[in-house]
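Below you'll find the structure, written out as structure tokens, and then a few comments.
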Amino acid sequence: PFAHHKPEISFIDRDGVIVPEEFPYHKELKLFSNAGAGRLLGSVATSKHVSKLVGWLQNRQTPFSLKWQKFAAKHKINLAECECPPGGFVRFNDFFTRKLKPGARVIDQTPGGLVSPADSKVTFVENISKKDIFIIKSSRWSLQKMLGNAALSEMYKDGTLISFRLAPEDYHRFHFPCDARP
């Protein structure tokens, strides 16, 4: 996914317009595709331990957490849609999991309509049997690996795979259609 050229991925935005996706950190990520040290650095950077460390830092007040407005501008995040506390966000995760103002994301109530379970980029493969391997978060997956069951993977081999990928500009909060606890 980090080849020398920009990946040609498009998505349909909230207004129904097809938009080519931009990858703001593409140059930095390209380093990870290079042989040797770049691949080693990439495997370390995407490890669970580094992810936990970054998550821990994002829950702290750091010099980086004070740059949330710059991050929002880079990712074209519409700050008019979110509830911003007086004085701004103290921790980066507070910004990242920001609340939306009422009416910012109206959910289609049309009977029979299909509503996405996430504010995300949606990728789909219409017939899974035509593709052996799927790349999700830099990991290789097969249908059997995803389902963990050979009989189930045979049952769904001609099905459709739908993947919901949250990007930095997407809304990162949980909501449930009924009483529930995550």
Revision key, fill the gap. Counting only residues in the range 99-134 that are acidic (Asp, Glu) and farther than 23 Å from LEU79 by Cα, the one surrounded by the most Cβ atoms within 10 Å (Cβ to Cβ) is identified as GLU126
Review point. For residues in the range 45-96 being charged (D, E, K, R), more than 28 Å from ARG14 (Cα to Cα) and not in a loop (DSSP other than H, G, I, E, B), which is modelled with the highest pLDDT?
Key: LYS52
Exercise for review: Considering each of ARG105, ARG173 in turn, give the residue that is assigned to a loop (DSSP other than H, G, I, E, B), of a type outside the set (Asp, Glu) and in contact with a Ser or Thr (Cβ under 6 Å, 6 or more places away or on another chain).
Suggested key: ARG173
Review point. Of everything in the range 135-176 that's among the aromatic types (Phe, Trp, Tyr) and under 13 Å from the mean Cα position of the chain (by Cα), which residue is most open to solvent (accessible area, probe 1.4 Å)?
Key: PHE164
Practice item. Could you list all residues from the range 127-168 that are modelled with pLDDT under 80, assigned to a loop (DSSP other than H, G, I, E, B) and more than 19 Å from VAL115 (Cβ to Cβ)? Key: LYS131, ASP132, ILE133, LYS137, SER138, PRO168
Practice item. State the number of residues belonging to the range 79-106 that are in contact (Cβ under 8 Å) with a residue 24 or more places away in the chain and not charged (D, E, K, R). Key: 8
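The values are calculated or read from the model by the stated rules, or taken from the named source; none is laboratory data. Owing to the predicted nature of the structure, the values given are computational and were not obtained by experimental measurement. Counting neighbours? That spans all protein chains shown, and the Cβs are built from the backbone with ideal geometry, glycine included. For the accessible areas, the whole protein counts, side chains as well, though only heavy atoms, and no ligand, DNA or RNA atoms are used. Shrake-Rupley method; radii C 1.70, N 1.55, O 1.52, S 1.80 Å.
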